Amino acid sequence: MSSITSDPVAKPAMTHREVLEALSGILLGMFVALLAATITSSSMPRIVADLGGSQSSYTWVVTATLLAQTVSTPLWGKFADLFGRKTLVQIALTITVMSAAAAGFSQNIGTLIACRAVQGLGAGGLMALATVLVADIVSPRERGRYMGLMGGVMAVSQVGGPLLGGVITDSSLGWRWNFFVGIPFAVAAIFVLQKTLHLPARPKKVARIDYWGAALISVGVSLLLLWVTFAGNKFDWASWQTAAMVGGAVVSLVAAVLVERVVAEPIIPLHLFKNRTFVLAVIASVSVGVAMFGTAVFLSQYLQLSRGKTPTESGLLTIPMVVGTMLAGVVLGRIISKTGRYKAIMVGGGVVLILALLGMSTIDAHTSFWLIGIYLFGLGLSVGALMQNLVLAVQNTLSVHEMGSGTSTVAFFRSLGGAVGVSALGAVLASQVKNDLLTGLATLGVPASSLGGSSSAVPELSKLPVPIRTIFENAYADGISKIFLIAVPMAVIALVATLFLKEIPLGKRSGIEKMLEEESTTERAQVTAAAEADTVGEELAAGHAR
């Protein structure tokens, strides 16, 4: 009779040093993605003005990146469950930095928007895959400990990006060099990832890519964003264009749901929506995306067009928001790792977000920068308390085989909220600024055509007479304070979603450990079944012999 003498031996968990080495490449990749996104934030008003763009163009430079990032994020997540994650991160890095470099050669606003859209494809992969890789090598309970490092990288890139971009723009190099400085960091990140990130081989799976689902989701989301951007500006809200675009979006998204129900490897697995934590996190992520991305992206316009600050100065003035994000990531991350609890922190973040947005809705062209700094610090705290912890709460409920698609789906809806927020609030800002300018210029008896362009063009304030410059400053201050007020209801929705979130204490096993345990369990079951079959065979043989 055969017997089992030993069980398969599970591989030991990664040591703290091994985790730090693996994280180094991941964090460097995140730094490249964030630097590429933030380095132009302080100089974007000048870039758009130099390329002859309008307020709508300014919005689309940002929206194009967010749109591409949104529609590609679920694909990157699904690819992460099917293919090698390290290779995917390196591909995403290459796409991000090459498209950013190409943007530096733009001669018109259309080329810049196109390059930024391609950049969004790479950024979607980097941000989604970085979170998945951290889940692979760090347990949920310990993840808060390392989230402080991620928060530090985010803070450095968010502070350093606008500052570096402002300095380069104000120097003899000019704004085009903003797009070139990330290339050395990207090359370094690719090599560091290759050397330090070592993941166990994943079980071989037949790759069934859901092309139809990806296409239908992309078409549906794109049509909605185009409608939100152009309605009320290029055509009326109640018009045949609205009917065509909204109708097309609804048809595409309904078709996508039907496709996702039947395909073997859906881009967005619908069974995830049976998970209460997942659904509430998605609702909160969409709301936070609208409230945060939809407002923060226009801060540089307020600081430069309403307050007359240079790109470098506007970058410095956003430091309070970044400091708030960094402190929340480091301090709150350690508290979560120590206690295994996260809900109270997220609820507190929701409250602070509402108060900060209400504060920012009161700003005008003369508000104290100290007061604005306090409001921005509150925005930063709320980001650090909500965004990564929403992902953490979802990851804590997912199986290791759903980690990529589940994590990327939350990131997808957060990016979708951000893209919708930028499009919708950008349209509101453009309309408000245009109306205020026309009213102000009419009061002075100055026709808008006398400015040498349309009333929607992004101006160079230094070239305007003082009375007209004052009108522009007040118009942008009024418009930007209004979009912060519009974002408040979305922050309320995020708070309500986190209140209803069921808190599940964080686990202590990483994704790799879970996968190895599952493989070990499967192997033991196979060996046991084989042994039992041998035993039955020997007993039958003995019976025949008797």
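The values are calculated or read from the model by the stated rules, or taken from the named source; none is laboratory data. Quick caveat, the model's predicted, so the values are computed rather than measured. Using ideal geometry, Cβ is built from the backbone for each residue, glycine included, and neighbour counts are taken over all protein chains shown. Side chains included, ligands, DNA and RNA excluded: accessible areas come from the protein's heavy atoms. Shrake-Rupley method; radii C 1.70, N 1.55, O 1.52, S 1.80 Å.
Here Val250 and Ser431 are evaluated by their C-beta separation; at R0 = 22 Å the FRET efficiency comes out at 0.30. Only protein atoms count toward the accessible area here, which uses a 1.4 Å probe; on the stretch 72-137, the carbon and sulfur part of that area reaches 77 percent. The label-point distance for Val331 and Gln194, in a model that sets each label 7 Å from Cα toward Cβ, rounds to 4.2 nm. Taking a ≥ b ≥ c as the square roots of the Cα gyration tensor eigenvalues, with a/c under 1.5 meaning rounded and otherwise prolate when a/b beats b/c, else oblate, which class fits the stretch 55-127? Verdict is oblate for the stretch 55-127.
Estimate the FRET efficiency between Thr470 and Leu355 by the formula 1/(1 + (r/R0)^6), using the beta-carbon distance for r and 22 Å for R0, to the nearest 0.05. Once the sixth-power term is evaluated, E becomes 0.10. A Förster radius of 30 Å, combined with the Cβ-Cβ distance separating Phe230 from Val257, puts the computed FRET efficiency at roughly 0.70.
Three semi-axes describe the equivalent ellipsoid of the stretch 288-398; taken as square roots of 5 times the Cα gyration tensor eigenvalues and ordered largest first, they are 29, 13, 12 Å. Here the stretch 315-432 has 74 percent of its accessible surface on carbon and sulfur atoms, given a 1.4 Å probe and all protein chains in place.
Counting only protein chain heavy atoms and rolling a 1.4 Å probe, the accessible areas of Lys338, Lys234, Lys86 rank, largest first, as Lys338, Lys234, Lys86.
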